[in-house]
Each structure stands twice: as structure tokens, then as C-alpha cells.
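For reference, the structure discussed in these notes is given below.
The values are calculated or read from the model by the stated rules, or taken from the named source; none is laboratory data. Here the structure is a predicted model, which means the values were calculated and not measured. Here the Cβ positions follow ideal geometry from the backbone for every residue, glycine too, while neighbour counts run over all protein chains shown. The accessibility values were calculated without ligands, DNA or RNA, using every heavy atom of the protein model including side chains. Shrake-Rupley method; radii C 1.70, N 1.55, O 1.52, S 1.80 Å.
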Amino acid sequence: IYKIGLAGFIFGNTMLFSIPEYIPGSETIGAEYKSFFGFMNLMLSIPIVFYSGSDYLVSAFKNLRHKIINIDLPISIGMLAIFLESGYEILSKTGSGYMDSLAGLVFFLLIGKWYQNKTYQALSFERDYKSYFPLAVTKITDGKEEGIPLSDLKKGDRIIVRNQELIPADGILLSKD
């Protein structure tokens, strides 16, 4: 979550610093301002590559050591290529670079990975036996039926188990009505 937050912050700021490159009339902005904005984008892009994008870089490196190519390799190559080319353009003052695109790439990749993990967790079938229990049971108190949470069930309570319901606790069958 911290990596996504940092990537979002940097993405927003690099987009703001890159506005002079995209709007008409940007040639009227002084070269010192363009250079300053480019340098700020370069400084902001360092944490996004080496902190927010570190999972992709580390995964690609580890898999290359084991002679395995996975999807993180082309992502890492792309991130490093954009970073190095844009850094060269900014430092040599031959262009403004593409740091805003780099920040957007990493930000949206991280959001996609977060959403994918949430989806996999929701679809996971590796659960313990308690996850199949009902959330509530029908307890009989003084001849009246009362719905209570399963966690409030105590030893000695009498419950009703209807047809096709799971039995949520150990017990003794008193009647088969």
C-alpha cells in the first residue's frame, strides 16, 4: 500500500511538472524553468523506480539468476530503459524525458497487482474448517427460538439444526423432529 501511495503521489507531481511540455505555447517558458521541472521529475523518479518498482526489478533479477524468464523481466527492462533514457535527456538538456509515463506505468502496474491479489484472496479455497460454519445459529431459550452469532454459543445451549444445515458444534441429538 505504501508503494502504491508513493507511486500515486509521484505520478501526480510528475504530471504537474510535465504540463509545460504538453500545452501549446510552452516555447515561451524559459529554458531554466524547463530544466528545473525536468530535474524535479528526475529526482521524483528515483524512488518510484527503486522503491515502488523494486518488486519487479528483484523478481526479474532472481529469475534471471535461475535462468527463468517471467513477465517481470520486460517490465523491468522497460522501466530501466525509460529511466535511463529520460535521465540522459534531462541531464544533457536535449529533452524533457518521459518520467511522467514511467510514474504512470509503475503506479498502474502496482494497482493492478494489488487488485489481482485481492481477487485471488477472495477466490482462495485454502480455508480452515471454521470458514464453512454458519455465521449464526438458532438457539432455544425458554421454548423460544432466538438467532445468535455462532461465537456466542456456549456449552449446554440447545440449538435447532434444520434440514441441509451444517452442524456448527459438537453436541448430542435430543430429538429428530
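So how tilted is helix 72-92 from the main axis of the chain? Cα-based, degrees 0 to 90, rounded to 10.
With both axes taken from Cα atoms, the answer is about 30 degrees.
For the Cα atoms of the chain, what angle does the longest principal axis make with the long axis of helix 54-65, in degrees from 0 to 90, nearest 10?
With rounding to tens, the tilt is 90 degrees.
From Cα coordinates alone, what are the radius of gyration and Dmax values for region 132-177 in angstrom?
Cα only, region 132-177: 10.1, 29 Å (Rg, Dmax).
Normalised by the residues of the chain, what does the relative contact order come to in percent, with Cα pairs under 8 Å and at least six apart?
Answer for the chain is 20 percent.
Evaluated at 20 °C with a viscosity of 1.002 mPa s, what Stokes-Einstein diffusion coefficient in µm²/s does region 44-113 have when Rh comes from the Kirkwood expression over alpha-carbon pairs?
Values: Rh = 12.5 Å.
Here the translational diffusion coefficient equals 171 µm²/s.
Which order do M15, M40, M79 take when ranked by solvent-accessible area (1.4 Å probe, heavy atoms of all protein chains), largest first?
M15, M40, M79
Please give the FRET efficiency for D170 paired with I1, using the beta carbon to beta carbon distance and R0 = 35 Å, rounded to the nearest 0.05.
Plugging the Cβ-Cβ distance into 1/(1 + (r/R0)^6) gives 0.30.
Quick one: pull the percent of accessible area on the chain belonging to carbon and sulfur, 1.4 Å probe, ligands and nucleic acids left out. Before the final figure, lay out the partial values.
Details: 8050 of 12780 Å².
C and S fraction of accessible area: 63 percent.
Once R0 is set to 25 Å, what does the formula 1/(1 + (r/R0)^6) return for the Cβ-Cβ distance between A122 and S151, expressed as a FRET efficiency to the nearest 0.05?
Rounded to the nearest 0.05, the efficiency is 0.65.
Measuring from a point 7 Å past the Cα of I29 along Cα-to-C-beta, which residues in region 50-90 have an amide N at less than 15 Å?
90
Rg and Dmax in Å for region 92-177, alpha carbons only: what are they?
Looking at region 92-177, its Cα Rg and Dmax stand at 26.4, 87 Å.
Over all alpha-carbon pairs in region 1-129, figure out the percentage whose distance exceeds 21 Å.
48
On a 0 to 90° scale, report how tilted helix 99-123 is relative to the longest principal axis of the chain, with both axes built from alpha carbons and the result rounded to the nearest 10.
Approximately 10 degrees, to the nearest 10.
Would you kindly compute the Cα radius of gyration of region 1-77 and its largest Cα-Cα separation (Dmax), both in Å?
Here Rg and the maximum Cα pair distance are 16.5, 52 Å.
With every protein chain left in place, what is the accessible area per residue of the chain in square angstrom, probe 1.4 Å?
Heavy-atom SASA per residue in the chain reads 72 Å².
Within the set K144/K176; K3/K67; K34/K93, which residue pairs have Cα atoms separated by over 21 Å?
Violating the 21 Å Cα-Cα cut-off are K3/K67.
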